[in-house]
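Derivation of every value follows stated rules applied to the coordinates shown; laboratory data play no part. Source: prediction; values computed, not measured. Here the Cβ is made from the backbone with ideal geometry for all residues, glycine too, and neighbour counts use every protein chain on show.
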Amino acid sequence: MDRFVRNFIIVSIIYLGLSSIMGIAMLWKQSLMSLKFVHSHLNMLGWVSMMIYGVGYHVLPRFSGRPLKHPKMGELQFWTANAGLIGMLLFYSLNISAPKAAYSTASVAFGGLEVFSIALFFYNMLATLLPGGQH
Ligand code: HEM
Ligand code: HEM
């Protein structure tokens, strides 16, 4: 198993743990509901998407009988997906607790990094799986 594949699976489980604790905290304290976006995206982009990236990178090329076309791009996607998610949610939370234009700009910029990481997965998977991507 590639190192970045293993890392995707490990961090996805950590995000599940964090977001579940956060979900309980939100049930406990109504005021934390203002961070619902953080909980839902720790889950959807952290737990669900990263588990799918990890399993997808490992299994889908094997199903199609072709190696992953750009393993280095997979490694880059690991770092950009995590930096994008953590940065987006951190600056979103700071902006909720003490609103500042710089926080919301930073949150959008890290969201852009997250979208870039999604584009890397999209490209790498299609380049591997589509017949023209065979090497
Ligand atoms: C112990 C585990 C969890 C707890 C205690 C929990 C708790 C909560 C709470 C209190 C809310 C706010 C609901 C509201 O708006 O009234 C919420 C929203 C949400 N949760 Fe969780 N959650 C848990 C796990 C998960 C998991 C595993 C996922 C996804 C795989 C998830 C996805 C979401 C999403 C997408 C929302 C936003 C839903 C909406 O806006 O209507 N949660 N959760
Ligand atoms: C770069 C990627 C993404 C960005 C920037 C993003 C951004 C957003 C924003 C701004 C909202 C509205 C939050 C609010 O009402 O306060 C939202 C809601 C939501 N998004 Fe995303 N999203 C992304 C990816 C995803 C993905 C991949 C999923 C599912 C797999 C997802 C599931 C949801 C759900 C279920 C809601 C409604 C629950 C909530 O209000 O938190 N998002 N998203």
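Full extension of the chain segment joining Ser40 with Ile21 gains 5.6 nm, where the gain is 0.36 nm per residue of separation less the Cα-Cα distance.
Among Leu27, Leu68, a tally of other beta-carbon atoms within 10 Å of each Cβ gives an order, fewest to most, of Leu27, Leu68. Each residue, Met1 and Ala101, gets one label point 7 Å from its Cα in the Cβ direction; the gap between the two is 4.7 nm. Compactness check for segment 36-97: Cα Rg over 2.2 N^0.38 Å is 1.38. Adding -39500 (n - 2.57) for every DSSP H run of four residues or longer, then dividing by how many residues the chain holds, sets the calculated 222 nm ellipticity at -26500 deg cm²/dmol.
The phi-based Karplus calculation (6.51 cos²θ - 1.76 cosθ + 1.60; θ = phi - 60°) puts the 3J(HN,Hα) values of segment 101-108 at 4, 4, 5, 5, 5, 5, 4, 5 Hz, whole numbers, x for Gly and Pro.
A Förster radius of 22 Å, combined with the Cβ-Cβ distance separating Ser93 from Ile118, puts the computed FRET efficiency at roughly 0.50.
Separation of segment 68-135 and segment 25-63, taken as the distance between their Cα centroids, equals 14 angstrom.
Using the Karplus relation 6.51 cos²θ - 1.76 cosθ + 1.60 with θ = phi - 60°, the per-residue 3J(HN,Hα) values for segment 17-34 come to x, 4, 6, 5, 4, 5, x, 5, 4, 5, 5, 5, 10, 4, 4, 6, 4, 5 Hz, with x marking Gly and Pro.
Mean silhouette area of the chain, derived from the convex hull of its C-alpha atoms and averaged over all directions, reads 8.4 nm².
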